[in-house]
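Here's the structure, in structure tokens; my notes come after.
Each value in this text was obtained by applying a stated rule to the coordinates, not by laboratory testing. Being a predicted model, the structure only gives us computed values, none of them experimental. FYI the Cβ positions are ideal-geometry reconstructions off the backbone, even for glycines, and counts take in every protein chain you see.
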Amino acid sequence: MSMEETDECGCTGDPKRAQDDPAYRRALWIVIILNIGFGLFEIVGGFIADSQALKADALDFLGDGSITLVGLFALGWTAVIRSRVALIQGIFLALLGVGVIGFAILRAIDPGVPEAGIMGALGFLALGINVVSAFVLSRFREGDANVQAVWLFSRNDAIANVAVICAAALVAWTGKSWPDIAVAGIIAVVFLHSAYQILKNALIELQEHKTSADHPA
């Protein structure tokens with residue numbers, strides 16, 4: 001397949017296409033609905049199962065849906081504003097990671113064994129939803145910091161779901177709460193790593209915008 005054919009079919013990442021293609025906007029709406037809808041469902045399941053990992057994953061879903069919605073609106077804004085939005089997205093994700101670590105520490109002080117069956121069931125269901133989301137967004141994963149942030153949020157969800165499933169299996173096997181707490185911590189670390197990537201990309205773009213403004217061609 002030639003490069004022209006590849007570009008026409010949209011099989012490769014293209015920053016301009018990702019921002020202007022109606023298919024990308026439809027993909028974002030699908031991801032927003034799936035994330036917010038399941039996040040609300042999972043947060044209830046997290047309290048019923050008394051699972052920190054499920055609660056952390058639910059916050060990830062709700063945060064992803066909200067931030068993706070902002071990212072959708074940002075597509076029509078200037079490049080500088082989109083970079084600033086990505087900066088806010090990175091800060092939000094970092095705060096989310098710190099919050100999850102805090103809740104995990106509190107849970108470690110006052111441990112309780114979560115319901116492994118509910119954890120596993122919701123973990124598998126969440127993984128299925130995130131596989132769909134990641135597939136929908138996969139051809140749009142290249143672009144500016146805002147576009148990349150949306151992709152990283154979706155990818156994080158899938159990683160978190162696999163971790164929740166593993167935690168459920170370990171809780172069932174050991175009868176202890178530590179796998180649930182450990183996975184909540186792992187999810188938080190993934191949040192913080194992606195927040196760093198998003199913030200770095202956004203700051204680089206903002207510096208480039210400033211340089212272009214100071215030294216116009």
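At 0.36 nm per residue, and after removing the present C-alpha to C-alpha distance, how many nm does the segment from residue 210 to residue 25 gain when stretched out fully?
Values: separation 185, 0.36 × 185 = 66.60 nm, distance 2.81 nm.
Full-extension gain reported as 63.8 nm.
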Assertion target for 187, 129, ordered by fewest C-beta neighbours within 10 angstrom first, is 129, 187
Note: residue 44 to residue 131 extended length (0.36 nm per residue) minus current alpha-carbon separation gives 29.1 nm
Ordering 188-194, 97-103, 82-88, 59-65 by per-residue average of other C-beta atoms within 10 angstrom, highest first, gives 59-65, 82-88, 188-194, 97-103
